[in-house]
Amino acid sequence: MLHSRGKEKEQQEAIEHIDEVQNEIDRLNEQASEEILKVEQKYNKLRQPFFQKRSDLIAKIPNFWVTTFVNHPQVSALLGEEDEEALHYLTRVEVTEFEDIKSGYRIDFYFDENPYFENKILSKEFHLNESGDPSSKSTEIKWKAGKDLTKRAGQTPNKAGKKRQHEEPESFFTWFTDHSDAGADELGEVVKDDIWPNPLQYYLVPDMDDEEGEGEEDEEEGLEDIDEEGDEDEGEEDDDEEGEDDGEDD
């Protein structure tokens, strides 16, 4: 009995010590989070002039942003034909993380005068309050008469029944009015974390539809060329090696 009590006491003391060590680990984790946040804030400020310079350069390229969105697999899935038309007037995109980073971010879309809506800027903001509850708010879109794309989406039922294959997606612009799940806003996260850090990689993606047919033929031809060239190259290498050997004999 005494032996088992001694063991229990030992285990209890070990648990108390583990708890103390765990508190130290937690304290260091908190300290690390604070320091990491300071580093993120520092580099956020340092990146700003480069983002600004990049935006100024992008402004010189017509249809940069609509091309980028169409080439992005997740975003293109949200774009109907008329959304694309409207996004041809999109001249600038800006993502701004709030200064403390933790409380959220804002995405601003700048538009030229266009036939769809009056707004020059459409914005959506994401906020986290102190208890970590997410919320979002956005610009109210002032649609021109008969041009509200959010009302056209999904309102053309097929007489033979529901459309299946080629159903138009819900309008991209419904994203501005959807605040149902701000904590899991996929489009917001994609723009902030994937497109904004490097939009050029999506702008430069080739249009696969146009090139698929040609690409396959090119590949086959390319393989034949490689075989032929390969044989030639081997011959050349042999010549080179002989040449080198001759040189060494001298």
Subject >> Unit charges at the beta carbon, dipole of the range 42-104: most positive-side option, Phe69, Ala59, Ile101 >> reply: Ile101
**OP:** Determine the dipole magnitude for the range 61-111: charges of +1 sit on the beta-carbon of Lys and Arg, -1 on that of Asp and Glu, nothing else is charged, the reference point is the Cα centre, and the result goes in debye to the nearest 20.
**Re:** 160 debye
Original post:
Ratio of the range 68-132's C-alpha Rg to 2.2 N^0.38 Å, to two decimals?
Top reply: 1.34
Subject >> Per principal axis, descending, Cα span of the range 37-89 in whole Å >> reply: 43, 26, 14
Original post:
Counting only residues 5 or more places away or on other chains, whose amide H sits under 5 Å from the amide H of Phe117 once H atoms are built in the peptide plane?
Top reply: Lys144
Original post:
When only DSSP loop residues count, what trypsin sites (Lys or Arg not before Pro) in the range 7-78 have their Cβ near at most 12 other Cβ atoms within 10 Å?
Top reply: Lys60
Subject >> Alpha-carbon centroid distance for the pair the range 33-55 / the range 111-130, whole angstrom >> reply: 24 Å
Subject >> Options Gln48, Ile18, Leu37, ranked by Cα towards positive dipole end of the range 1-57, top entry (Cβ charges) >> reply: Gln48
Original post:
By accessible area of protein heavy atoms, probe 1.4 Å, what ranking do Leu149, Leu78, Leu46 get, highest first?
Top reply: Leu46, Leu78, Leu149
Original post:
Which of the lysines could a cross-linker bridge to Lys102, judged by Cα under 27 Å and excluding same-chain residues fewer than eight apart?
Top reply: Lys38, Lys42, Lys45, Lys53, Lys124, Lys137, Lys192
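The values are calculated or read from the model by the stated rules, or taken from the named source; none is laboratory data. Predicted model, so just to flag it, every value in this text is computed and none were measured. Neighbour counts are summed over all protein chains in view; Cβ atoms, including those assigned to glycine, are modelled from backbone coordinates with ideal geometry. Heavy atoms of the whole protein, side chains included, go into the accessibility calculation; ligands, DNA and RNA do not. Shrake-Rupley method; radii C 1.70, N 1.55, O 1.52, S 1.80 Å.
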